[in-house]
Amino acid sequence: MRTVTLPAIIFTLFVVLLSTGCDEMFQVSCETDADCSRDGDVCFDQVCTSTCSSNADCFSDEVCAERPGRGTERVCQESDIPGGGCDSDFDCPDRHFCESSSCVHDGTCSADTDCFGNEVCFGGYCRECADDFDCPSGEFCDSGFCLPDGGDECWHDDDCALGEFCDGGLCLPDGGDECWFDDECAPGEFCDAGTCVQDGTECFDDWDCPSGFVCDGGECLDQLGYHVLLIEDRTSTVGRCNDTTMGYDTAGAKLMYVELYEEDGTFLADGTAMDYEYGTNTNFGDISQVLDGSAPEFSDACPTDEGSPTGSNFRHDQVVAIGCDGWVALQFFDLDANPISFIDGDYVAIGEFGPACNDTMQSADDAYDVSICTSSALSSSGFDINECLYPFNDPPLEGSDWVSIFL
């Protein structure tokens with residue numbers, strides 16, 4: 001009969017600890033971070049878990065990923081990816097994306113099981129609460145977030161003092177319009193914990209901004225604020241600044257129409273010139289007459305042979321030559337005369353009179369750039385080009401063309 005000594009038992013236990021990991025053998029259950037006694041531990045998925053800064057801090061079958069709803073705080077989480085890391089979003093589980101070689105939860109959900117710890121699925125996103133019962137004593141649930149409970153009881157806003165409103169039976173300070181989603185707020189605002197607040201968030205790229213906002217010049221701006229289109233002539237880049245047509249000086253892009261379409265090809269509106277500046281070497285056309293918000297009279301891609309002088313397909317009321325380095329700012333209006341805001345995937349079609357319309361008069365195409373600008377670019381003091389994004393095309397467009405809009 002073999003005798004097992006105490007040192008052998010201790011050695012065997014030591015080997016088991018090394019192979020399994022102390023955290024896996026001695027997991028402490030929890031409901032909140034306060035239930036975890038070891039420094040640096042947090043409550044994640046009802047287990048006390050150490051925070052991490054990279055995948056190297058975790059086991060081989062885990063990934064260092066953001067703890068949903070906790071900003072940039074990261075904890076080790078189980079991963080289906082060998083080694084726990086990622087090279088692209090395709091390497092990550094559902095509802096995760098790849099960031100700095102780690103899979104990060106995107107915060108979306110369809111059920112509470114898609115969330116972590118004590119979070120619940122509220123309006124498609126992991127939040128602290130769905131009702132007051134999910135919050136600690138002394139707090140109430142407001143738009144998925146637990147807020148301190150303090151204020152007079154009420155049934156209606158009229159029951160509250162000036163500067164307060166009734167929310168969940170309590171009078172709370174009025175910091176803006178009530179909301180559930182960003183699109184319920186005014187342009188330049190977003191929904192934060194049930195209240196519309198002015199946006200001024202600093203950013204490096206669009207990911208740093210709330211939904212519906214884009215990063216422009218280091219600041220998050222409401223993408224719905226972009227509804228001015230800028231076309232800038234770049235004909236000097238192709239050496240046609242002394243161009244003439246039918247005896248007229250016609251330098252610069254010769255525009256016939258500008259049209260806005262949805263991504264699926266649905267026509268939205270014709271462009272209306274709001275401001276413009278003629279460039280050099282042109283004496284042909286009237287921008288406001290040609291780009292007036294209505295479709296051109298001709299039915300094809302080019303004017304017909306009904307112009308003046310006789311036999312010409314090149315008329316003042318159908319084509320405008322904006323001149324070398326000239327520009328025009330346009331807007332598109334819906335049936336209620338409201339400016340149409342640009343969204344991702346929209347595209348603009350530009351008709352430019354060139355060899356495709358009449359190769360006997362036009363030996364080459366003219367060039368131009370297309371950008372979008374905020375509504376504030378148009379003001380009584382004149383057009384402000386600093387309110388425009390960089391052109392969407394590189395190099396400049398030539399002839400009739402179209403450009404997609406990406407915010």
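Every read-out reported here was derived from the displayed coordinates using simple, explicitly stated rules and does not represent laboratory data. Remember, it's a predicted structure, so these values are computed and weren't measured experimentally. Backbone-built Cβ (ideal geometry, glycine too); neighbour counts: all protein chains shown.
Points worth noting:
- Packing rank of 286-294, 375-383, where each peptide gets the mean count of other beta carbons within 10 Å, highest leading: 286-294, 375-383
- Sites ASP292 and PHE406 - FRET efficiency at Förster radius 25 Å, r taken between beta-carbons, to 0.05: 0.35
- As a proxy for reagent exposure, ranking GLU277, GLU262 by other Cβ atoms within 10 Å from fewest up yields GLU262, GLU277.
- Projected label points at GLN46 and ASP33, each 7 Å from Cα along the beta carbon direction, are separated by 2.1 nanometres.
- Size of the range 224-404: Rg and Dmax of its alpha carbons, in Å, are 15.4, 46.
- Förster radius 41 Å - calculated FRET efficiency between ASP57 and ASP394 (Cβ-Cβ, nearest 0.05): 0.45
- Highest mean packing comes first when the peptides 229-241, 104-116 are listed by Cβ atoms within 10 Å, giving 229-241, 104-116.
- Extension gain from ASP112 to LEU335, taking 0.36 nm per residue of separation minus the Cα-Cα distance: 76.0 nm
- In this label model, MET246 and ASP131 are separated by 7.4 nm, measuring between points 7 Å along each Cα→Cβ vector.
- Contour excess over end-to-end distance, with Cα ends at GLU78 and GLU277 and 0.36 nm allotted per residue: 65.6 nm
- Residues whose amide H comes within less than 5 Å of that of VAL28, counting only those at least five positions distant or on another chain, are CYS48 (H built at 1.01 Å from N in the peptide plane).
- ASP158 paired with SER381, simple spin-label distance in nm, labels 7 Å along Cα-to-beta-carbon: 4.5
- Förster radius 51 Å - calculated FRET efficiency between ASP89 and ALA364 (Cβ-Cβ, nearest 0.05): 0.70
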